[in-house]
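In what follows, a structure is listed as structure tokens, so that the remarks can point back to it.
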Amino acid sequence: MKRIICIGNRLVPEDSAGPAVYDLLKQQELPLDIEAIDGGVAGLNLLRFVEGAECVVFVDKVNGFGKPNEVVILESAEASTAAENTHSHSAGLPYLLRIIPEVCEGKIPHISLVGIEGHPNEALIDEAAAIALKIAGDGKSSHITGF
Amino acid sequence: MMQKVMINAPLNRVEGDLEIRTEVDGGRVSDAWCSGTMYRGFEKILAGRGPLDGLVITPRICGICTTSHLTAAVKALDMIAGVFPPPNAVRIRNLTLMAEHIQSDMRHAFLMFAADLVNPAYRDVPLFDEAVRRYQPFKGETVIETIKETKKVLEIIAIVGGEWPHSSYMVPGGIVSNPASGDLMECLLLLKQYRSWYEKRILGCSLERWLDVRSSSDIDVWLEENNLHRESDLGFYIRFAREIGLDRIGRGHGNFISYGSLDIPEGTKVKGKGKHLVASGFAQGIKVTDFSHEKILEHVSHSWFMDYNGGRHPFNGETIPYASGRESGKYSWAKSPRYDALPAETGPLAEMITAENPLFTDLVSRTGPSAFTRELARISRPAYLMPAMEAWILESVSDGKFYTSPEEIIEGKGYGVTQASRGALGHWVQIENGAITHYQIITPTAWNASPRDSNGTRGPLEEALIGTEIKDPSNPVELGHVVRSFDCCLVCTVHTVNRGKEIGRVKVGAAIL
């Protein structure tokens, strides 16, 4: 199974990009081998969704990786550099990405992050959802073109 | 001339939205201020929504305490609807809440609290190298094992809740699913695996043996009994903590509060105290009195909310932001809950004290609370919970009775109180004309990390910091021990991925006097 895991807190407008992409994906008929997951703010608890997946595409709000109002694609290693040195209640996605090589049971899937810079608007959400689907469909992010 | 310095410590692993400011005089903390730095305003989000919306929204307040918020929200609605969940629904609700606790306790102890044991300040402690082997972030043997084991036990919530994360499977009158016996056996298997790991790795002995430790001197006997005890993570924690003096810091007011949690279902063989497995109560020192939610008042004199005189009960509380900077001494977005006009700490240690647990009663009666004792209670708590979890799974015969249909909720007032992993959690709710008109939440961290109240009395964490010796102001690891022993959580907020690392900063301000 290929998984698109949308991260964020729908109660907080500036962190609602991931949930908005999830809501959009759920309105669509996804390919049978792609599953969209509302990851909320579960952080480390999302590890179980990574294990056993063929590939994982996270979707989350990001800061400082691109221009405002831009969708960026990050490889797991790059996104994990944002992790704090230790775990906290707010450790979130970077900690998860950094710890995965140490704790993942089974083969580590290809992992990428579709990041949304700036305040999420309808166009950005549409673009992020399309990119996430494209990456998940291809099973990797190295040949993304046309966005 | 005595020199005072100010140490501002926005500590990582406390939570991003909590800042601690301390005044250090003669090498010891002479005053402290806890500041919640983010306005949350869930009460405003919920006002005007449908009565059941709290079941969906409040579990999303936090990624850690999702089941705890769901429990408090549904209990408030049970009360308003006047409905009593069937015993099996109570068992399943309890089971999932306990699954959340036993994973949270281990993650806090070995991913967050123990990370300070590998602080360079302890490089000369004989046990330091072993601490690094166990607790080095991202690499330590216990760190890796803890992540691997805790991820599995949470599957219990997904299995019976049908959704993870942020499940909303509890509803007024029970739960939405009817767990099949196969589901329950899967839960039992997950629990037994977790228990096996906890006994072997964390305790170095059976649950029963650790539960037989009933006094400070019993700890010494247990430690010397065999090498498995000494070398377990619990044994190592006790030895290291004594070496660096964790039992001598973090005393605080010595008041404890537990709302009580885990309702005892009809027909169970599990014995609790009163109506709960986790006792309710309020204690000053080790003197325990009955808990009544009516004695809770929230003060805002030092919080960034519109002032009112004294304190208000959460049914009458207001959450009107008033961002005034330092005007009138306000310094936090957290309110100040008080019980019978007194500050009180909450969490696993408070649960042990209000339950009159022999071990923790003995420890607190000897030296008062401490950072050591708080974390010991947290590491020990799964030993008290897992036997009841096993019993409730086995008792949850799939008889089809997991739900009692309530009347439609149009009007009413109710509250749901429980114990989250970090302590006392309450939701106070009023419904009028089929909509929420009032919703007040008091979280465990509101109790522990509250600012001063209208009497000028410090909050529990602020008080616990007083007297703490700071050996090196540029690396005040002692503050970290005390603060983290409360397992504060103000996370409920924004989780974006930021370029560059946001690591704990410690600023030593200009010397004064």
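The values are calculated or read from the model by the stated rules, or taken from the named source; none is laboratory data. None of these values were measured; they are calculated from a predicted model. We place every Cβ from the backbone using ideal geometry, glycine too, and count neighbours over all the protein chains shown. Surface accessibility is based on the protein's heavy atoms, side chains included, excluding ligands, DNA and RNA. Shrake-Rupley method; radii C 1.70, N 1.55, O 1.52, S 1.80 Å.
Within the stretch B:236-244, not a single residue is in contact (Cβ under 8 Å) with a residue 40 or more places away in the chain and touching a strand residue (DSSP E or B) at 6+ places or on another chain (Cβ under 9 Å). The residues of the stretch B:370-401 that are open to solvent by less than 10 Å² (accessible area, probe 1.4 Å) and modelled with pLDDT under 95 amount to a single one, B:396. Count of the stretch A:48-57 residues, restricted to those that are modelled with pLDDT of 90 or more and either within 27 Å of residue A:14 (Cβ to Cβ) or at the interface with chain B (Cβ under 10 Å from one of its Cβ atoms) (or both), is 5. So how many residues does the stretch A:11-38 have that are over 15 Å from the mean Cα position of the chain (by Cα), among the charged types (D, E, K, R) and within 14 Å of chain B (Cβ to nearest Cβ)? Residues flagged as over 15 Å from the mean Cα position of the chain (by Cα), among the charged types (D, E, K, R) and within 14 Å of chain B (Cβ to nearest Cβ) within the stretch A:11-38 amount to 2. Listed by first and then second residue, the pairs with beta-carbon distance under 6 Å, at least 6 apart or on different chains, first residue in the stretch B:120-138 and without any contact (Cβ under 8 Å) to a residue 60 or more places away in the chain, second assigned to a loop (DSSP other than H, G, I, E, B) and open to solvent by 40 Å² or more (accessible area, probe 1.4 Å), are B:137/A:85. Within the stretch B:426-442, being closer than 17 Å to residue B:65 by Cβ and either out of contact with any Pro (no Cβ under 6 Å at 6 or more places or on another chain) or of a type in the set (D, E, K, R) (or both) holds for B:426, B:427, B:439, B:441. Residues being modelled with pLDDT under 95, open to solvent by less than 10 Å² (accessible area, probe 1.4 Å) and of a type in the set (A, V, I, L, M) are represented in the stretch B:182-190 by at least one member. None of B:56, B:90 is within 17 Å of residue B:157 (Cα to Cα), within 14 Å of another protein chain (Cβ to nearest Cβ) and outside any loop (DSSP other than H, G, I, E, B) except B:56.
The criterion of at least 3 residues that are farther than 22 Å from residue A:105 by Cβ and away from every other protein chain (no Cβ under 14 Å) is met, among helices (runs of 4 or more DSSP H) falling completely within the stretch B:127-204, by B:128-135, B:181-197. Return the residues of the stretch B:31-55 that are open to solvent by 40 Å² or more (accessible area, probe 1.4 Å) and at pLDDT 90 or above; say none if nothing qualifies. Passing the criteria: B:33, B:47, B:48, B:49, B:52, B:53.
Identify the residue in the stretch B:327-353 that is in contact with a Phe, Trp or Tyr (Cβ under 8 Å, 6 or more places away or on another chain) and of a type in the set (S, T, N, Q) and, among all such residues, is nearest to residue B:460 (Cα to Cα). Step by step, filter the stretch B:327-353, then rank; the result is B:346. Filtering the stretch B:215-238 to residues that are over 26 Å from the mean Cα position of the chain (by Cα) and of a type outside the set (A, V, I, L, M) leaves B:217, B:218, B:220, B:222, B:224, B:225, B:226, B:227, B:229, B:230, B:231.
For the stretch B:63-108, what are the residues that are hydrophobic (A, V, I, L, M, F, W, C) and closer than 30 Å to residue B:481 by Cβ? B:64, B:65, B:72, B:97, B:98, B:99, B:102, B:106, listed by residue number. No other residue among A:33, A:60 is of a type outside the set (A, V, I, L, M, F, W, C), buried (at least 21 other Cβ atoms within 10 Å of the Cβ), out of contact with any Cys (no Cβ under 6 Å at 6 or more places or on another chain) and at pLDDT 90 or above apart from A:60. Of the residues in the stretch A:80-97, none is modelled with pLDDT of 90 or more, open to solvent by 30 Å² or more (accessible area, probe 1.4 Å) and either under 16 Å from the mean Cα position of the chain (by Cα) or within 9 Å of another protein chain (Cβ to nearest Cβ) (or both).
Of the strands (runs of 3 or more DSSP E) that lie entirely inside the stretch B:258-333, those containing 2 or more residues that are open to solvent by 50 Å² or more (accessible area, probe 1.4 Å) span B:287-289.
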